[in-house]
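The values are calculated or read from the model by the stated rules, or taken from the named source; none is laboratory data. Since the structure is predicted, the reported quantities are computational estimates derived from the model, not experimental observations. Note: ideal-geometry Cβ built from the backbone for every residue, glycine included; neighbour counts use all protein chains shown.
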DNA sequence: TTTATTGT
């Protein structure tokens, strides 16, 4: 017969070698993936609480930060990155905005033109550039890192918060984990046509800052609405992480034990941050 | 310019 016993053996060996290669390759890939996520997240990548079209997303990897991208909202639902105190505050010049072809829908650099909304960074230019370098800085100008923000928020209140993270919080702790993203109205259909091009317009934005180095980690969380003057005290917008989870349908830090989680996410504790020292610090821009 | 658009 054409298929002799030795030929079967040969094919079996080949198959075995192929399986071995796939197994080793997959293992290496998962190892790399895990290392990458460990560098940019703390206590796990954000997940959705329940399976809904508006909370489903996929993770885009960038230099310096991760994005949870939603093709339904045409928005990042979260970005995750870490910062530390830096000695040299100089960074490279602002790169150009650029389209991200990993997104299902085309969002061009001119998509926001004439809309009255800014292309607001979620992972900020300055912090990422200062901590993670030039190629990470370039990545923050991907349109998949943008979401429509009113100028008074983006250039005033939100900028003040980002400045406080790097200039006040980071020097107080070894390292900070930051997760930030948009908040949408509760009912999807109420906002479904409120879009800049294809991009749904959020009603507010959240930012979670964790100092994980302690045995008892500290967290501070904010929700800031689109409609602000810009000179409000930052502490007017303090919330709990549970509040943000309720508004977004996401689950942050899924690997926390339930005991730590109930304190860190359920209680509003501002001790240790000295927020009152900087809550009224004026913005850089007018 | 640690934000960004508009208009030249």
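Note on the stretch A:95-117: residues that are within 8 Å of DNA strand B (Cβ to nearest atom) and either surrounded by 13 or more Cβ atoms within 10 Å (Cβ to Cβ) or in contact (Cβ under 8 Å) with a residue 60 or more places away in the chain (or both) total 4. Within the stretch A:155-168, residues that are free of Cβ contacts under 8 Å to residues at least 40 places away in the same chain have Cβ atoms under 8 Å from residues that are within 8 Å of DNA strand B (Cβ to nearest atom) in these pairs: A:162/A:124; A:162/A:126; A:162/A:127, counting only partners at least 6 apart in sequence or on another chain. Listed by first and then second residue, the pairs linking a residue in the stretch A:219-234 that is at positive phi to a residue that is at pLDDT 95 or above, with Cβ atoms under 6 Å apart and 6 or more places separating them unless they lie on different chains, are A:230/A:152; A:230/A:156; A:230/A:157. The set of residues in the stretch A:97-111 that are in a loop (DSSP other than H, G, I, E, B) and either at pLDDT below 95 or in contact with a helix residue (DSSP H, G or I) (Cβ under 9 Å, 6 or more places away or on another chain) (or both) comprises A:97, A:99, A:100, A:102, A:103, A:104, A:105, A:106, A:107, A:108, A:109, A:111.
Which residue is farthest from residue A:242 (Cα to Cα), if the candidates are limited to the stretch A:265-278 and must be more than 16 Å from DNA strand B (Cβ to nearest atom) and part of a loop (DSSP other than H, G, I, E, B)?
Going through the stretch A:265-278, the residues more than 16 Å from DNA strand B (Cβ to nearest atom) turn out to be A:265-276.
Filter again for part of a loop (DSSP other than H, G, I, E, B), leaving A:267-274.
Working: A:267: 8, A:268: 10, A:269: 13, A:270: 15, A:271: 18, A:272: 20, A:273: 19, A:274: 22 Å.
That would be A:274.
Hey, among the residues in the stretch A:125-184 that are part of a loop (DSSP other than H, G, I, E, B) and on the phi < 0 side of the Ramachandran plot, which one's surrounded by the fewest Cβ atoms within 10 Å (Cβ to Cβ)? Ranking the candidates gives A:174 first.
Residue A:269 falls short on exactly one of the conditions (1) in contact with a helix residue (DSSP H, G or I) (Cβ under 9 Å, 6 or more places away or on another chain); (2) within 24 Å of residue A:124 (Cβ to Cβ), and that condition is (2).
The single condition among (1) in a helix (DSSP H, G or I); (2) within 8 Å of DNA strand B (Cβ to nearest atom); (3) touching a strand residue (DSSP E or B) at 6+ places or on another chain (Cβ under 9 Å) that residue A:120 does not satisfy is (1).
Can you tell me which residues in the stretch A:197-215 are more than 19 Å from residue A:163 (Cβ to Cβ) and in contact (Cβ under 8 Å) with a residue 12 or more places away in the chain?
Narrowing the stretch A:197-215 to residues more than 19 Å from residue A:163 (Cβ to Cβ): A:197-204, A:212-215.
The answer is A:197, A:198, A:199, A:200, A:201, A:202, A:203, A:204, A:212, A:213.
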